[in-house]
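Before any comments, here is the structure.
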Amino acid sequence: MHIVTPFYFIVTIKVMCDGVLRGGSAMLYFMTTTFTDLFLRVALAFLFAKGLGLGATGIWMAWPVGWCIGTALSMVFYVTAIRKALAEPLAVAEAEGQAAEVRAEAEFAADAEMETL
């Protein structure tokens with residue numbers, strides 16, 4: 001447990017980003033990060049345990065590595081999803097000639113989102 005315990009805060013960030021992705025119907029992003037995390041943990045556990053000869057310690061070390069990479073992907077997809085969600089109303093408004101109003105609303109929403117991070 002002393003190997004994985006310091007990395008639980010990273011898992012909480014991943015879970016929060018994944019929750020936003022699922023709530024925003026971005027299931028492809030969510031599944032990509034989850035399966036990447038799971039695949040990496042299994043592959044790295046085998047590599048660390050057998051390839052590097054670390055045994056059980058190598059298996060425990062694979063968890064934080066998989067979590068870190070999965071969290072990085074979740075955060076990239078989270079930012080991508082937010083930008084996409086903010087860009088859609090702007091594109092529609094530009095087509096209708098109301099770009100300035102919608103741009104101000106989008107900037108306000110983006111600032112409010114960043115304050116919560």
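Read-outs throughout are calculated quantities, based only on the coordinates presented, and are distinct from any laboratory measurement. Being a predicted model, the structure only gives us computed values, none of them experimental. As a convention, Cβ positions derive from the backbone with ideal geometry for all residues, glycine included, and neighbour counts pool all protein chains shown.
The ranking of Cys68, Cys17 by Cβ neighbour count inside 10 Å, starting from the fewest, reads Cys68, Cys17. Note on Phe7 and Phe39: the model spin-label points, each 7 Å out from Cα along the C-beta direction, lie 1.8 nm apart.
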